[in-house]
Each structure stands twice: as structure tokens, then as C-alpha cells.
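Working notes for the structure below.
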Amino acid sequence: MFMKTYTVKDTVGHISVVFAGSQSEKRVRNVTVLKGQSITVPCFYHRCDACTKQLCKGEKEANCPVRSNVASMSVSDDPVQGVFTVSMKDLQKKDSGMYMCVLDRNGHFLHYIYVQVCSIDTPDMSVKDNMVEAQLGDSVTVHCFYSHSYRDREKKWCRSEKNSFCVRSWTRGKSRQRVTLKVDSALGVFSVTVRDLEQKDRGWYWCSVGDRLFPVHISVTQKRQSK
């Protein structure tokens, strides 16, 4: 399988997460999270009902299925969307290293994840909670924070699927159908609002500024019946 590996830039004081894979695979690059915080990341795959999904530590497939020693890590699977998610909580320096998203039946490699854990106050790109839940027909707003050094870079909100839409801050109107993007340069945040949520809105998105991305998942639930 043709591999394209991305250079890990030294983002001092952050957890830098970099995915690499074949050019046809979806990936996350240069995600930053503060030490002590949590993140949930997606591992996309083609249909594989009988496979066990896991995150392995190390740079070689031979190391699998040795699991990561991150005690507060959990894996959940969504076979309908073809993605399993890995949640890592309270990340510390000891959790630094190379990880692999793997389908366990054949040891099939999906993505690299490089984790570097350091300490600093302001990440280049972050989201307070990247797992968002809202009810059908309601609206949801995601706040994507960025550092001062990225103030003049374009901000984007993109669907994770290949060739899906992006809403861009440099586009007139900064909106697309039911999605609106607003930038507050003074606070270093751009806010994305998705209105009139439908089931098709469920899935993974990216907050993006410059070369930094942060994964966000939106869950859409049925309206609760009033008593």
C-alpha cells in the first residue's frame, strides 16, 4: 500500500496528532490539544464487519495487537459510517509516541497517530468539546479556537467525507445552506452554526485554520416527547 507520511512539526507545548495513510484514505493532520485534556479521534475504514478495531502503540504493524498503555483510552465503532473512534483522556507526557489505527483481523494498517505531550497555555487550534450532541430540528454551534499566530489565516469548517462541502471565512456570505461561519478575531475564535439539524448531518467534521485541523463529531438524536 502506498504510504504518504507527514512531517511532524515541533508544536512546543501541545499534543500534536498526525495521521498518515494512502492518498485515498481520510486523515487528520496537526491536531493540537493541551496536556491534561481529552480528545476523540476518528479512524476511517472500509467495510469490515468481523474486524476488531483498536489503537496500537508503535510504528510497525508487527507490534500489533499490543494495545496502547493509555489507561483512560476507549474505542467505539460505527460500522454504518465506517469509522471507529478512539477517546484518550487526561493525556500526559508518558503518553507521547507513535500510535496506529488497526483492523485487528488481518492486522490491516489504517493510520498513524503521532502524539507529543507537552505544556503550554494556548494551542494553535482547539475545540472545548469535540463530541457534540443535539436534537433533530434544533441548531448547534461549535466554537473553534485558534492562536494569535493564525489570526490572518483562512478559517474553514468541512465535512469529513471526500469531496464534501467546506464553509470558508474568505468566501462572501460565509454560509452554505443551513451552515453559517462567523469569525471573532479579537477573541481568537470562529463559530459554526448548523441549523435545522437532520439525520444526514450526523458525522465527523473538521475545524481548520491554516495547516491545523481539529475533529468534531455531531450526533443528532430524536426530539424528546414532552410529558
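Points to keep in mind about this one:
- Backbone amide hydrogens, once placed in the peptide plane, bring D211 within less than 5 Å of nothing, excluding anything fewer than 5 places away on its chain.
- The distance between label points at K89 and R178 comes to 3.2 nm (points 7 Å beyond Cα on the Cα→Cβ vector).
- Taking label points 7 Å from Cα along the Cα-to-Cβ direction, Q199 and K35 give a separation of 4.6 nm.
- Accessible surface ranking that places the most exposed of S208, S38 first, with a 1.4 angstrom probe: S38, S208
- For the pair L136 and D78, a Förster radius of 25 Å applied to the C-beta separation gives a FRET efficiency near 0.90, rounded to the nearest 0.05.
- Listed cross-link partners K128/K200; K89/K223; K155/K223 are compared with a 27 Å cut-off, the Cα-Cα value being larger for K89/K223; K155/K223.
The values are calculated or read from the model by the stated rules, or taken from the named source; none is laboratory data. Just so we're clear, the structure is a prediction, and the values are computed from it rather than from any experiment. Don't worry about glycine lacking a Cβ; one is built from the backbone with ideal geometry, like all the others, and counts go over all protein chains shown. These accessible areas exclude ligands, DNA and RNA; they are computed on the full protein's heavy atoms, side chains included. Shrake-Rupley method; radii C 1.70, N 1.55, O 1.52, S 1.80 Å.
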